[in-house]
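Undergrad: Here you go, one structure.
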Ligand SMILES: [Zn+2]
């Protein structure tokens, strides 16, 4: 979560994400440097701080590795994007007021080199394309919002929409 214009609270590296308590959280600046602690931040901190830098209104970032996210990321990686069209739940994403819209969720290649991923996200944004979240191939999703409530809503909506697309492909026996 964002703390102020220059700081965020992130998870300490290696902690059990299902059992996080106050002692598992640390403060970093928006370049990912620890503030007031010797603890090491989570490996993907650079992707979180990038969102806070690029979206001044972002108050929270969530990153998860669900099964639907992982499978969809593999299926849609060759296309580079999951395109949602005509789903009522697109309206759960901030700024979307009708199902008659196009919502793109890009899929970026996975890498252990965070600067490579940061550069891909920057390139997407610098091209002027809307971005509310992204998948990393074989890995998971990032999404954000103005506060934790909106971010949780975005995460739940993307999870639902990805499951719908996967169900349709499964039922149709098709590939994207
Ligand atoms: Zn991850």
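Every number in this text was worked out from the coordinates using simple rules, so none of it is lab data. Bear in mind the structure is a predicted one, so any value in this text is a computation, not a measurement. Cβ coordinates were reconstructed from backbone atoms using ideal geometry, including for glycine residues, and neighbour counts include every protein chain displayed.
Undergrad: Suppose the chain between residue 23 and residue 110 were pulled fully straight at 0.36 nm per residue; how much longer would it get relative to their current alpha carbon spacing?
TA: Working: separation 87, 0.36 × 87 = 31.32 nm, distance 2.95 nm.
Between residue 23 and residue 110, full extension yields an extra 28.4 nm.
Undergrad: Cα axis of helix 148-172 to longest principal axis of the chain: angle in degrees, 0 to 90, nearest 10?
TA: 30
Undergrad: Output the 0 to 90 degree angle, nearest 10, between the alpha-carbon long axis of helix 67-76 and the longest principal axis computed from the alpha carbons of the chain.
TA: 60
Undergrad: Here is a further query. Ranked by Cβ crowding within 10 angstrom, fewest neighbours first, how are 158, 76 ordered?
TA: 76, 158
Undergrad: Can you tell me what share of the DSSP beta bridges in the chain is antiparallel? A percent to the nearest 5 is fine. Please list the in-between numbers first.
TA: Details: 23 of 25 bridges.
Approximately 90 percent, going by the DSSP bridge assignments.
Undergrad: Set the Förster distance to 30 Å, then compute FRET efficiency between residue 97 and residue 125 from the Cβ-Cβ distance, nearest 0.05.
TA: On the way: r = 22 Å, r/R0 = 0.75.
With a Förster radius of 30 Å, E is 0.85.
Undergrad: Using only Cα atoms, find the angle between the long axis of helix 45-54 and the longest principal axis of the chain, and express it within 0 to 90 degrees, rounded to the nearest 10.
TA: The angle comes out near 80 degrees.
Undergrad: Helix-derived [θ] at 222 nm for the chain: sum -39500 (n - 2.57) over DSSP H runs of at least 4, divide by residue count, nearest 500? Don't skip to the end; give the middle numbers.
TA: Values: 4 runs with 58 residues, N = 176.
Using -39500 (n - 2.57) per qualifying helix, the result is -10500 deg cm²/dmol.
Undergrad: Once label points are set 7 Å from the Cα along Cα→Cβ at both residue 89 and residue 15, what is their separation, rounded to one decimal in nm?
TA: Here the answer is 2.9 nm between the modelled labels.
Undergrad: Give me log10 I(q)/I(0) at q = 0.08, 0.10, 0.20 Å⁻¹ for the chain, Debye formula, one equal scatterer per alpha-carbon, no solvent.
TA: The computed values of log10 I(q)/I(0) come out as -0.25, -0.39, -1.47.
Undergrad: At 7 Å along Cα-to-Cβ for each site, give me the label-to-label distance between residue 57 and residue 149 in nm.
TA: So the label points at residue 57 and residue 149 sit 1.6 nm apart.
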